[in-house]
């Protein structure tokens, strides 16, 4: 049977047609994403088995491969970029982000070094500067784009670890941790699992931290704080993943500073509260920390694989992430010298495009509108007689439908019905449905349709 073999001339000749085909298929998918069930049907998921054919001796060619991906893959996607997906703090990519991603995919740039891509380096530097300004962080704050908040936390905490040990005369980057002074780590009782994971990655341990008690909304209780021994790292949180609440940064940062501890803030989505005058007070004094981790693919609504590690002193990050070799130019201010990765995609291009297109007011409106819509969702749930378990201060809503069994039953019914998608969680012993309103395309009508769907599913689960 005739097949495809890689031939440069024929591949070049067919490139434009193949990319136009991909664009048309992607646009057709996006045009229908708002009207389809949010979760794929069982038949579509089962159809993915057809992708598992034996690797052909001679290739199918780009056109046939793309056709199979579209016909088998598109129906089996989750409409997480649609307006009624409320799971996992997922917002879907803004058109400016998607367009920039398509353009930069065409550029096919390696953003590791400026000599590899001057445009990637420039967009990165400008975008990080804009974000630091937007979030009210100290002058000189900078950092690096990474894959997500987990790696942003790990990157910042590695810099914190090394900086704290350097004060003790220990060079962790060169000597490792065997024989090093013990680093005290402090977290809140509601610390996010990815921060614990990051602590494990950098060798400080997931479960050896001093744990501070938290209040009913997941904020660290700043009363009766313990004595801690230097070297120390205090990990705070902007935006609890269940409630959206943030730690009281003022007294906690002051307490840490008196003990010469490094303060790190896990702000995967909640740090963006600083971008709006309406919500900025929720993260007051967050700028007094030493490092911050956030996700641009959450509330800034870029495509995925776009986390950001920020530090007030870039030298601390540079010393931890140093990459030198005879064939490399000086990498002190380069992306690969500031992050765990060497080769990396040009994430800053998308972020630059989103910030340039939205401006300061647009980012603030994105945060404010999601907050208003989350409140509308909560009000609808309460009006229907269901229990809202959190103070809706940002974009997170927790709803209980009574017993654990009934709550799980309602969640399963909502996911199966398909109007919207909400996930489960457990909050202070109560099983709950968790709704994260994070997307640029969600409207009041989407919220009202979702409320009606949840109510109908709850009635059927009585």
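The values are calculated or read from the model by the stated rules, or taken from the named source; none is laboratory data. Owing to the predicted nature of the structure, the values given are computational and were not obtained by experimental measurement. Note that each Cβ is placed from the backbone with ideal geometry, even for glycine, and that neighbours are counted across all protein chains shown.
Filter region 83-109 for residues that are under 17 Å from the mean Cα position of the chain (by Cα), closer than 22 Å to residue 424 by Cβ and in a loop (DSSP other than H, G, I, E, B) and give the result.
86, 87, 88, 89, 90, 91, 92, listed by residue number.
Could you list, ordered by first residue, the pairs with Cβ atoms under 6 Å in which the first is in region 113-135 and in the same structural domain as residue 313 (by TED's automatic domain parsing) and in contact (Cβ under 8 Å) with a residue 12 or more places away in the chain and the second is part of a helix (DSSP H, G or I) and surrounded by fewer than 16 Cβ atoms within 10 Å (Cβ to Cβ), at least 6 apart or interchain?
Here the result reads none, with nothing in region 113-135 linked to a residue that is part of a helix (DSSP H, G or I) and surrounded by fewer than 16 Cβ atoms within 10 Å (Cβ to Cβ).
Can you find, within region 368-380, the residue that is farthest from residue 435 (Cα to Cα) among those that are crowded, with 23+ Cβ neighbours inside 10 Å and in contact with a helix residue (DSSP H, G or I) (Cβ under 7 Å, 6 or more places away or on another chain)?
373
Residue under question is residue 380, and the condition is that it be on the phi > 0 side of the Ramachandran plot and either out of contact with any strand residue (DSSP E or B) (no Cβ under 6 Å at 6 or more places or on another chain) or at pLDDT below 95 (or both); does it hold?
When the stated conditions are applied, residue 380 does not pass them.
Give 198, 214, 238 a once-over and let me know the one that is over 14 Å from residue 265 (Cβ atoms) and touching a residue at least 12 places away in the same chain (Cβ under 8 Å).
Step by step, each of 198, 214, 238 is checked, and only 214 is over 14 Å from residue 265 (Cβ atoms) and touching a residue at least 12 places away in the same chain (Cβ under 8 Å).
Can you say whether residue 391 is in a helix (DSSP H, G or I), surrounded by fewer than 20 Cβ atoms within 10 Å (Cβ to Cβ) and at pLDDT 95 or above, as far as the supplied structure shows?
No.
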